[in-house]
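Colleague: Mind having a look at this structure? Questions to follow.
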Ligand SMILES: O=C(O)CCC(=O)C(=O)O
């Protein structure tokens with residue numbers, strides 16, 4: 001699925017952009033699914049997930065980020081997307097042959113006021129021993145500079161796990177890592193960006209007249225164990241490609257209400273009333289603290 005050059009680019013830079021991973025028709029279908037889902041959810045609860053630390057990049061503007069964690073629980077269309085052959089094929093080229101789901105999350109940055117993400121690594125939220133974790137961001141509409149597209153610091157995955165500030169969700173100091181100085185990854189509907197959970201990334205404010213709609217899918221090698229139990233969510237462990245050679249040894253989740261390993265005690269699944277709304281609500285030990 002990836003060329004040798006693309007694999008080398010990922011190894012050197014910690015990210016790779018795959019153009020046209022989804023067809024225009026698929027992107028349009030999932031854009032509709034995402035907006036319909038946001039509509040259904042907003043009718044019953046608050047789904048804004050703006051990070052408390054986003055205000056610097058938002059330049060004090062009141063912004064909004066519509067969000068749903070674990071979309072595969074909300075619609076079968078999303079479950080099918082997680083198993084999409086081109087998606088899992090690229091993931092397998094980067095971390096394979098086996099690819100396991102960690103979690104999924106939809107983001108809609110509404111027009112004119114779509115929240116930015118301060119620069120950060122994903123690793124502090126759910127560290128793993130072998131750092132196999134990657135994110136795929138699937139774009140369901142065009143995302144250019146004005147829409148607050150993704151930005152990365154190329155090669156930053158080689159710096160290892162960096163200290164993050166905890167306030168308003170884990171992020172790097174905004175004066176040292178301004179969003180505006182990171183490399184823009186402008187995308188068209190159907191494009192996908194894959195990046196390591198060690199790659200420093202973030203995104204800007206959506207100031208355009210159109211929503212920016214994405215799905216982020218976090219995936220790992222099933223043989224890469226979490227450094228500690230954090231950010232466990234429903235559906236985690238589902239095999240997206242290949243097999244799990246460790247299934248016999250991985251500890252089962254404790255489903256006792258309030259017990260270790262329950263969704264509530266581990267910071268929520270996005271399905272609860274507090275959800276994952278960019279706060280520290282429900283977070284337990286470690287820097288999980290409401291990771292979106
Ligand atoms: O979707 C974006 O703009 C960035 C998302 C992100 O950085 C994250 O969820 O960790």
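Colleague: Please compute the volume of the convex hull spanned by the alpha-carbon atoms of region 4-273 and report it per residue in Å³.
Modeller: Per residue, the Cα convex hull of region 4-273 comes to 124 Å³.
Colleague: Report Rg (one decimal) and Dmax (nearest whole number) for region 52-146, counting Cα atoms only, units Å.
Modeller: Values for region 52-146 (Cα only, Rg and Dmax): 15.5, 45 Å.
Colleague: Among rounded, prolate and oblate, which fits region 17-71 when a ≥ b ≥ c are the square roots of the eigenvalues of its C-alpha gyration tensor, a/c under 1.5 means rounded, and a/b larger than b/c means prolate?
Modeller: Cα axes put region 17-71 in the oblate bin.
Colleague: Under the rule a/c < 1.5 gives rounded, and otherwise a/b versus b/c splits prolate from oblate, where does region 132-211 land using the Cα gyration tensor?
Modeller: Oblate, since a/c reaches 1.5 and b/c is not below a/b.
Colleague: Another one. Binning at 5 Å from 0, report for region 154-250 what percent of all alpha-carbon pair distances ends up in each bin.
Modeller: Here the calculated profile for region 154-250 is 2, 8, 15, 20, 18, 17, 12, 5, 2, 0, 0.
Colleague: Please rank 239, 219, 59, fewest neighbouring Cβ atoms within 10 Å first, as an exposure proxy.
Modeller: Lowest count first: 59, 239, 219.
Any read-out appearing in this document is the output of simple, stated calculations on the displayed coordinates, not a laboratory observation. Just so it is clear, the model here is predicted, and its values are computed rather than measured. Note: ideal-geometry Cβ built from the backbone for every residue, glycine included; neighbour counts use all protein chains shown.
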